[in-house]
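The values are calculated or read from the model by the stated rules, or taken from the named source; none is laboratory data. On a predicted model such as this, the values are computed, not experimentally measured, just so you know. So basically every Cβ, Gly included, is an ideal-geometry build from the backbone, and we count neighbours across all protein chains shown. These area figures cover heavy atoms from the full protein model, side chains too; ligands, DNA and RNA do not enter into them. Shrake-Rupley method; radii C 1.70, N 1.55, O 1.52, S 1.80 Å.
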Amino acid sequence: MDVIYAMKKYITEMIDQAGPGMKVLLMDDETISFVSIVYAQSEILQKEVYLFEKITAANREAMKQLKCITFVRPSVDNIAMLREELRNPKYGQYYIYFSNVVSKQDVKYLAEADEHESVREVQEFFGDYIAVSPHLFSFNIIGCKAANQWNRKCLQRTVEGLTSVMLSLRKCPAIRYQANSDMTYKLAEAVRQTISKEASLFDFRRTDVPPQLIILDRKEDPVTPLLNQWTYQAMVHELLTIQNNRVSLSHLPSVSKDLHELILSSEHDEFYAKNFASNFGDIGSNIKELMEEFQRKSDQQGKVESIADMKKFIETYPQFKKMSGTVAKHVTLVSELSRLVQTYNIMAVSELEQEICCQTEHSKSLQEIRALLNHDKVRMVDKLRLVMLYALKYETHTNNDVHGLIDTLTKKGLPEKDRRMLGYVLNYGGQKKRSSDLFGTQSPISLTKRFFKGLKGVENIFTQHTPLLAELLDQIVKSKLRESQYPFLTSGETRDRPQCVIIFIVGGATYEEANCVYTFNKVTPGVKVVLGGTTIHNSASFFEEMREACSGPQIREKDGSSYRMT
């Protein structure tokens, strides 16, 4: 199972079906992201696609010599714009592909509008999601709940995206949901109804043990999105933010203009593919090796003394130039990460975060939190997160001093809207909202595991915490995932270990959890897992998620548009 491969295969097929000749790719705001994240522009140019246009763009120039490959979501607005496009075609031929199921009525509308008979193809290609990496997908929706209820439009978009993922991977799974979450049940039921309605699309070859779709709720593990991260990809997202595999550094005056936007793609960047899951401590030495290799090749490039040398220079120059860009990109990124870590004392903050989550010494944790709250170098957002983690961990402790910590933050200038986050985090994912033993302090088995882990010691004090998802993966592979906590939607499903699992987190996944899945897939033969979420969180976006869930009537997408409650 590989969502990058699935998406790329669709796009390649679209382009190939148009045949030889110059082509234009016409997309909407969402499908532009679907395409750009898996295909480099240089790759598409090699397939004679020379122009990229948005269907919403006004005054597009008519170019009848071009074939138009149209890839859009089957929304009401897109259908209306396509009908207008076909009535006054700007291109010679149209090959129309929808990213999800399109109604027969909408196809009829398009046929009626095609007065010039310019349409050559109309198909459904189920690429209705952001394929972040082979094992990770997202819908880029922040704030999918309000008062613990789905927004109608947001639920519909999530159902469409999830069914698209299943169709692109050619899986018709047994569906499981989180028993203590009404939202996961509603999503599971809506997906089941779609599978039933579109039964012919899901008529894949059956396996002895069917694949599973397991739907989780972010509230079950509110800790993971609040932590500082130390693997490369997760750290970049936490400190700089990754949006559709792009990182903006335009706010840094010391960075040259050509490095203002950096693309981080394991498909097109060999160094990133090898190191996205590496710890930050290893990245420095790996960057050093990359620079030394570049230096050697740079010295070789400088020796042009014969015709043969010139020929070799011309042949190797594109690879040399690409390597030069890779070195500049990662040196810039790592330098900025290092600056932020030093400037804001993030190592000390992260060490304390890990201690709060993984140790049980309340008085020691409280004393250390108070010390860092009075540390001038520590950012206010990091101070707030420390108190939020403390509030989650010691919510029912008799000597809980959340109010004293809040008073300290208030005196330090914490704004009112941020002060409310302490209440939001408990409302969102406090002990009463969860069914699992998140901190391993309630059940005898969890306490025993923690005891033996303490005896063995910790290899890295910054990576003591493991997401709840890691425990669930272990239970899945051992066929021990409790039905009382994660029931099947329909009875009669086999309890044997599945070979293919799609895990979806309502409320958003994280790169730390994606790393768990990546590692699990590498070391677990016979089982493949793909992870998805309504979005991919860092702590800033998770703050927004909780704020919307606990106080706001509005569901906002990352591109700035909004879904209003109805």
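Brief remarks follow.
- Per residue accessible area in Å² of the stretch 242-300, where ligands, DNA and RNA are left out and the probe is 1.4 Å: 58
- Summed side-chain charge close to residue 537 - residues other than residue 537 whose Cβ falls under 10 Å, Lys, Arg +1, Asp, Glu -1: -4
- The relative contact order of the stretch 1-52, computed from alpha carbon pairs under 8 Å that lie at least 6 residues apart in sequence, is 53 percent.
- Based on protein heavy atoms only, the stretch 324-423 ends up with 44 Å² per residue of surface accessible to a 1.4 Å probe.
- Phi-derived couplings, Karplus 6.51 cos²θ - 1.76 cosθ + 1.60 at θ = phi - 60°, listed residue by residue for the stretch 95-110: 10, 9, 10, 9, 7, 7, 5, 10, 6, 4, 5, 5, 5, 4, 4, 5 Hz, with x used for Gly and Pro.
- Surface analysis of the stretch 86-168 yields an accessible area of 35 Å² per residue, using protein heavy atoms and a 1.4 Å probe.
- Other residues within the sphere of radius under 10 Å centred on the Cβ of residue 22, judged by their own Cβ, net out at +1 (K and R +1, D and E -1).
- Pairs spanning more than 30 Å between alpha-carbon atoms, out of 219/364; 8/54; 219/528; 9/433; 171/478; 9/522: 9/433.
- The protection proxy used here, the mean number of other Cβ atoms lying within 10 Å of each residue, ranks peptides 217-224, 495-502, 50-57, 165-172 as follows, highest first: 217-224, 165-172, 495-502, 50-57.
- When a 1.4 Å probe is rolled over the protein heavy atoms, the share of accessible surface on the chain that falls to carbon and sulfur comes to 50 percent.
- Close amide-amide hydrogen proximity is noted between residue 537 and 509, 510, 511, each under 5 Å apart and 5 or more residues distant or on a separate chain (H modeled in the peptide plane; Pro and chain starts excluded).
- Using C-alpha pairs below 8 Å separated by at least 6 residues, the relative contact order for the chain is 21 percent.
- Looking at the chain alone, DSSP beta bridges between its own residues are antiparallel in about 25 percent of cases.
- The relative contact order of the stretch 179-255 comes to 19 percent, based on Cα pairs under 8 Å that sit 6 or more residues apart.
- Amide H contacts for residue 216 (H built 1.01 Å from N in the peptide plane; partners 5 or more residues away or on another chain; cut-off under 5 Å): 504, 505, 506.
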